[in-house]
Amino acid sequence: MHYLFTRWGRTGTGGQAQLEGPFDGEEEVEEKFATVFRSKTGVDWSDAVPGMFPEEGKYSYLKNNINMKTRGKWHYFLRNDPLGKPDGWYPYDKQNSADTEELYKEYISSNNSVRFSTRFIHSESSGFTYEVDLVLMSQKNTMSGTLRSIARHI
């Protein structure tokens with residue numbers, strides 16, 4: 001038996017998922033996948049080349065950047081904290097650092113496409129959602145509008 005798993009949603013969230021099937025065979029599930037791929041990218045699966053520029057309004061098919069074996073750790077710069085923390089660099093919590101690192105890898109894999117430079121991360125620990133800009137290396141709290149510098153350390 002074969003199944004097709006699809007996941008979608010805003011970056012930095014759990015999103016939604018769908019499991020279709022069972023399909024009778026590999027060919028049937030590949031045809032279904034090819035149909036979904038074409039509808040999302042505008043490209044036939046048989047002609048798809050990772051990293052190619054997408055049609056307007058469609059998703060990119062990103063290449064897997066296997067050369068990025070080093071995992072960075074992400075930090076934000078805190079200044080004038082209302083709770084009295086000293087000014088300085090503070091590490092993201094473990095999950096947010098991992099999520100931001102994945103966004104960074106997607107951005108690098110897209111050849112630094114502006115389309116992938118600004119994404120969203122939701123912090124379960126703080127309850128806030130941040131707009132992360134990988135060109136400006138900043139994060140903005142979507143609720144308060146507070147803007148902070150960010151850095152990737154290896």
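State which residue pairs qualify: first residue of a type outside the set (S, T, N, Q) and inside segment 66-81, second residue open to solvent by 100 Å² or more (accessible area, probe 1.4 Å) and modelled with pLDDT of 95 or more in any location, beta carbons under 8 Å apart, and separation of 6 or more residues or different chains.
Hits for this filter: 75/89; 76/89; 77/89; 78/89.
Mind telling me which of the residues 138, 125 ends up being open to solvent by 50 Å² or more (accessible area, probe 1.4 Å), hydroxyl-bearing (Ser, Thr, Tyr) and more than 14 Å from the chain's Cα centre (by Cα)?
125
Search segment 120-143 for residues that are touching a residue at least 12 places away in the same chain (Cβ under 8 Å) and more than 19 Å from residue 107 (Cβ to Cβ) and pair each with any residue that is in a loop (DSSP other than H, G, I, E, B) and of a type in the set (D, E, K, R) when their beta-carbon atoms are under 7 Å apart and the residues are at least 6 apart or on different chains.
Cβ pairs passing all conditions: 123/93; 125/93.
Here is a list of conditions, (1) β-branched (Val, Ile, Thr); (2) farther than 30 Å from residue 27 by Cα; (3) open to solvent by less than 40 Å² (accessible area, probe 1.4 Å); (4) without any contact (Cβ under 8 Å) to a residue 40 or more places away in the chain, and residue 43 meets all of them except one; can you say which number that is?
Every condition holds for residue 43 apart from (2).
Any idea which of 130, 61, 107 is within 22 Å of residue 8 (Cα to Cα), within 14 Å of the chain's Cα centre (by Cα), open to solvent by less than 50 Å² (accessible area, probe 1.4 Å) and at pLDDT below 90?
Of 130, 61, 107, the one residue that is within 22 Å of residue 8 (Cα to Cα), within 14 Å of the chain's Cα centre (by Cα), open to solvent by less than 50 Å² (accessible area, probe 1.4 Å) and at pLDDT below 90 is 107.
The values are calculated or read from the model by the stated rules, or taken from the named source; none is laboratory data. Just so you know, these numbers come straight off a predicted model, no measurement behind them. Neighbour counts are summed over all protein chains in view; Cβ atoms, including those assigned to glycine, are modelled from backbone coordinates with ideal geometry. What goes into the accessible areas is simple: the full protein's heavy atoms, side chains included, and nothing from ligands, DNA or RNA. Shrake-Rupley method; radii C 1.70, N 1.55, O 1.52, S 1.80 Å.
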